[in-house]
Amino acid sequence: MRTRRTIAAAMSVVALTAVAACGKSGSPSDSAAGAGAPKLPTYQVKTDVKLDGSKAFAEAKKRGRLIIGAKSDQPFLGFEDLSAGSGASARSGFDIEIAKMVAADLGFGPDQIEWKTIVSANRENAISGGQIDYYVGTYTINPGRKAQVSFAGPYLVAGQDLLVSKDNKDITGPDSLKDKSVCTVTGSTSIQNIEKYGAKVTKYEAYSQCVDKLMTGEVDAVTTDDAILKGYAAKNPDKLKVVGKPFTQEPYGVGLAKDDSVLRNAIDDALKAHEDNGDWKKAYDATLGLSGAAAPAVPALDRY
Ligand code: GLU
């Protein structure tokens with residue numbers, strides 16, 4: 001209960017900052033300010049989709065909606081605007097767009113998606129326990145996770161980096177972290193990767209909690225993927241900056257049940273179709289692109 005309240009408080013700080021910094025992210029109230037801003041694509045919802053042998057798909061069909069796991073406190077990637085009610089428009093970001101384009105190819109429109117916020121440490125359990133049909137949320141594909149879940153993709157490759165105060169001069173990369181306090185999230189690859197650099201590591205459930213600690217000076221840096229950190233920096237440009245020297249490779253995949261190769265192939269097909277028809281790039285420009293990072297090359301799918 002306590003942790004949940006803490007996350008809600010931390011997220012509301014980020015949400016408020018996000019609202020304050022709005023004017024370019026396509027919220028209903030900013031259409032005038034956003035004239036000329038990149039527009040989100042809409043995805044044609046397929047009809048008569050059949051995926052024989054996929055348990056998750058059969059259950060989603062039966063209940064009439066998909067249940068998708070996502071992050072809710074990562075601006076431009078997976079963000080929930082808590083002031084916008086619980087409708088489809090409350091969620092925004094590149095991961096949310098990836099989830100929606102896949103859903104459309106599976107035959108589910110945005111109003112047939114139920115979103116569930118799942119933090120990093122709970123992803124494998126949520127997927128293998130059948131709480132969600134698939135997960136899209138800065139989820140690195142790696143062999144350890146592949147032993148528990150399956151991945152479509154990758155659909156983007158990020159790299160671990162550091163977020164520091166704008167005026168910080170002594171943190172220049174992971175090798176400068178000895179005895180510094182660094183905040184990251186349990187159950188992430190970020191926490192595993194940072195251990196060897198001799199920093200004092202503080203951990204929370206969600207990155208927004210770390211950003212709050214950085215803003216109050218309780219930690220010296222936040223570490224995770226550059227894509228995530230650039231979003232926080234863009235929302236607080238006067239206070240925060242990304243060091244900008246990524247030191248890992250984080251290929252993002254769509255997580256799903258380990259034995260569901262039918263759904264995995266269908267999600268890979270959907271990713272390929274939307275990459276090829278330009279939706280991927282449009283979605284990127286209208287979400288992550290707004291944090292100042294130009295679209296990278298689309299990574300090749302790793303079908304297995
Ligand atoms: N991509 C990394 C991971 O999957 C860090 C970001 C996250 O925790 O979602 O662990």
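The values are calculated or read from the model by the stated rules, or taken from the named source; none is laboratory data. In this text the structure is predicted, and so the values were computed from the model without any measurement. As a convention, Cβ positions derive from the backbone with ideal geometry for all residues, glycine included, and neighbour counts pool all protein chains shown. Side chains are part of the model used for accessible areas, which takes the heavy atoms of the whole protein and leaves out ligands, DNA and RNA. Shrake-Rupley method; radii C 1.70, N 1.55, O 1.52, S 1.80 Å.
One Cα centroid belongs to the range 204-239, the other to the range 61-134; the line between them spans 23 Å. Each residue of the range 238-243 was assigned a 3J(HN,Hα) from its phi angle through the Karplus expression (A = 6.51, B = -1.76, C = 1.60, θ = phi - 60°), giving 7, 10, 10, 9, 9, 4 Hz with x at Gly and Pro. Computed with a 1.4 Å probe on the full set of protein chains, the accessible area for residue 52 sits at about 130 Å². Taking 17 Å as the straight-line reach from the Cα of residue 146, the lysines in range (excluding those fewer than 8 positions away in the same chain) are 258. Pairs exceeding 20 Å between alpha-carbon atoms, taken from 169/213; 71/100; 71/241; 39/100; 169/196: 71/241; 169/196. Couplings for the range 126-135, taken from phi via the Karplus curve 6.51 cos²θ - 1.76 cosθ + 1.60 with θ = phi - 60°, read 5, 6, 6, x, x, 6, 9, 7, 7, 10 Hz in order; Gly and Pro are left as x. Pairwise Cα distances in the range 74-160 exceed 16 Å for 57 percent of all pairs. Applying a DSSP loop filter and a limit of 10 other Cβ atoms within 10 Å to the trypsin sites (Lys or Arg not before Pro) in the range 155-231 leaves 169, 178.
For residue 162, nonlocal amide neighbours, meaning residues 5 or more places apart or on other chains whose placed amide H falls under 5 Å from its own, are 243, 244, 245. The antiparallel fraction among DSSP beta bridges confined to the chain stands at about 60%.
Calculation over all alpha carbon pairs of the range 158-298 in 5 angstrom steps from 0 returns a P(r) of 2, 10, 17, 20, 16, 13, 10, 7, 4, 1, 0 percent. Pop out the ³J(HN,Hα) list for the range 246-251 in order, Karplus 6.51 cos²θ - 1.76 cosθ + 1.60 with θ = phi - 60°, rounded to Hz; leave Gly and Pro as x. Listing the rounded values in order: x, 10, 9, 10, 10, x Hz.
Shown are 124, 114, whose ranking by accessible area with a 1.4 Å probe and every protein chain present, most to least, is 114, 124.
Taking all Cα pairs closer than 8 Å and separated by 6 or more residues, the relative contact order of the range 83-186 comes to 20 percent. Ranking 101, 215 by solvent-accessible area of protein heavy atoms (1.4 Å probe, all protein chains present), from largest to smallest, gives 215, 101. The value obtained for the chain, namely the Cα convex hull volume divided by the number of residues, is 128 Å³ per residue. Per-residue accessible area (protein heavy atoms, 1.4 Å probe) orders 201, 164, 49 as 201, 49, 164, starting from the largest. Considering all different alpha carbon pairs of the range 33-119, the Kirkwood hydrodynamic radius works out to 13.9 Å.
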